Amino acid sequence: RFVYLGGGGTFTALHHDVYLSYSWSANLAGTKLWVMFPHEQSPLLGKATQLHGLASRATEWFAAGAEGGEEAAAALVQEAIAATAAASDAHAPQLGASKPLVVIQRAGEALFVPSGWWHQVVNLEPTLSVNQNWFNRHSLLAVNGHLIHQFAATEETLDDCRDTVAGQKEWHELCVKFMKLNCGMSIDEWCALLEFKRSAATASIADRLAIERAFRRLAVAGCPMSAT
């Protein structure tokens, strides 16, 4: 659980939440504009890192009285999408086919972000919010797949260093170290967390079955599982 605090016009660029987790965001003060792309629309985003010009134009619109409400905000989003799709650095020619969910979040309102939904968030005025990320058995395999990909990407990135280490154990330790530095959790820590949840007295049969599936996918992917 953590806090976001930002002035009007500040924003978080296009991203999905860490490890493909779920999240909720509760506004304590201020107003936010959310642009949320369902998971299946992710390929349309190309290499876009933000919606061009959205933060400044949306903040100006809000400061002028926010005439037209969410319908007007949605029109600003479509203009930003068109500008981004036309930009050479975004490599997102299909972005115009996307259908994002546009939400104005006011003080006292909480918003749920599903797993894998890309989003850009603009503070339309000075804003303070409390956020939390989590996963459960319904999103566990998505999180598991994301961390498997992160471990494989770490191995690929470090492959030129493989001949400099003394054996598989040292190679694994090197990959574990750099994966944690890159994404905040190593494959060993993920396996330990799965094992902890599997052995918990409160774990349901469905929870344990989902965890078993996660372990099988880790094994198939060739990930070392010292926790098991």
Comparing V165, V77, V35, which has the greatest mean-square fluctuation in the GNM of the chain with Cα pairs linked when under 10 Å apart?
V165
Given a 10 angstrom Cα cut-off, can you work out which residue in S204, S42, S56 is the most mobile in a GNM of the chain?
S204
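Once the piece of chain linking D163 and L101 is laid out straight, how much longer is it, given 0.36 nm per residue of separation minus the C-alpha distance between them? Don't skip to the answer; put the middle values down first.
Values: separation 62, 0.36 × 62 = 22.32 nm, distance 4.86 nm.
Value of the extension gain: 17.5 nm.
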Where nothing but the Cβ of Lys and Arg (+1) and of Asp and Glu (-1) is charged, how large is the charge dipole of the stretch 112-207 around its Cα centre, in debye to the nearest 20?
400
Where is the GNM fluctuation largest for the chain (alpha-carbon springs, 10 angstrom cutoff): L45, L158, L76?
L158
When all protein chains stay in place, what accessible area (Å², nearest 10, 1.4 Å probe) is found for E173?
90
Roughly what angle does helix 140-157 make with the longest principal axis of the chain, taking Cα atoms, 0 to 90 degrees, to the nearest 10?
70
Whole-Hz ³J(HN,Hα) from phi, Karplus 6.51 cos²θ - 1.76 cosθ + 1.60, for the stretch 166-179, glycine and proline x
9, x, 5, 4, 5, 4, 4, 4, 5, 5, 4, 4, 6, 5
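Considering only the other residues whose Cβ falls under 14 Å of the Cβ of H52, what net charge follows from Lys and Arg at +1 and Asp and Glu at -1?
Values: positive: K47, R57; negative: E79, D89.
With Lys, Arg at +1 and Asp, Glu at -1, the neighbours total 0.
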Principal-axis tilt of helix 187-199 within the chain, Cα atoms, nearest 10 degrees:
80
Using Cα pairs closer than 8 Å and at least 6 residues apart in sequence, work out the relative contact order for the chain, in percent.
31
So if R0 is 45 Å, what FRET efficiency would R208 and A64 give, r being the distance between their Cβ atoms, rounded to the nearest 0.05?
0.25
A student applying the Cα gyration tensor rule (rounded when a/c is under 1.5; otherwise prolate if a/b is larger than b/c, oblate if not) would label the stretch 1-149 oblate
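Given a 1.4 Å probe, how much area per residue of the chain is accessible, in Å²? Show your work: numbers first, answer last.
Numbers: 12000 Å² over 228 residues.
In whole numbers, the chain has 53 Å² accessible per residue.
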On a full-extension model of 0.36 nm per residue, what is the gain between E40 and Q78, subtracting their alpha-carbon distance, rounded to one decimal in nm?
11.8 nm
For the stretch 5-102 the mean separation of alpha carbon contacts under 8 Å (6+ apart) over residue count, i.e. relative contact order in percent, is 38
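Could you give the length gained on full extension between T49 and A26, defined as 0.36 nm per residue of separation minus the Cα-Cα distance, in nm?
On the way: separation 23, 0.36 × 23 = 8.28 nm, distance 2.42 nm.
Length gained between T49 and A26: 5.9 nm.
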I'd like the orientation of helix 69-86 relative to the chain: the angle between its Cα long axis and the longest Cα principal axis, in ° from 0 to 90, rounded to 10.
60
Which of the listed residues, A210, N27, L101, is farthest toward the dipole's positive end in the chain, when Lys, Arg count +1 and Asp, Glu count -1 at the beta-carbon?
A210
SASA check, W190, accessible area w/ 1.4 Å probe, all protein chains in place, rounded to nearest 10 Å², comes out at 0
Proximal lysine pairs, the chain, alpha carbons under 30 Å, eight or more residues apart or interchain:
10
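Once you sort the root eigenvalues of the Cα gyration tensor of the stretch 112-221 as a ≥ b ≥ c, which label holds: rounded (a/c under 1.5), prolate (a/b larger than b/c) or oblate (the other case)? Provide the component values of the computation, followed by the final result.
Working: a/c = 2.43, a/b = 1.26, b/c = 1.93.
Oblate is the answer for the stretch 112-221, as a/c is 1.5 or above yet b/c matches or exceeds a/b.
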Under 5 Å from the placed amide H of A92, counting only residues 5+ away or on other chains, we find K47
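Quick one: grab the alpha carbon gyration tensor of the stretch 73-143, order the square roots of its eigenvalues as a ≥ b ≥ c, and give me rounded if a/c is under 1.5, else prolate or oblate depending on whether a/b is larger than b/c.
oblate
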Tell me which residues come under 5 Å, amide H to amide H, from G6 once H is placed; ignore anything under 5 positions away on its chain.
T127
Placing each pseudo-label 7 Å from Cα in the direction of the beta carbon, E156 and V18 end up separated by a distance in nanometres of 2.4
Point-charge dipole on Cβ atoms (K/R +1, D/E -1) for the chain, about Cα centre, debye to 20:
620
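The values are calculated or read from the model by the stated rules, or taken from the named source; none is laboratory data. As the structure is a prediction and not an experimental result, all values here were calculated from the model. When we count neighbours, we look across all protein chains shown, and the Cβ atoms used for this are built from the backbone with ideal geometry, even at glycine. Just so you know, the surface numbers come from the protein's heavy atoms only, side chains and all, with ligands and any DNA or RNA stripped out. Shrake-Rupley method; radii C 1.70, N 1.55, O 1.52, S 1.80 Å.
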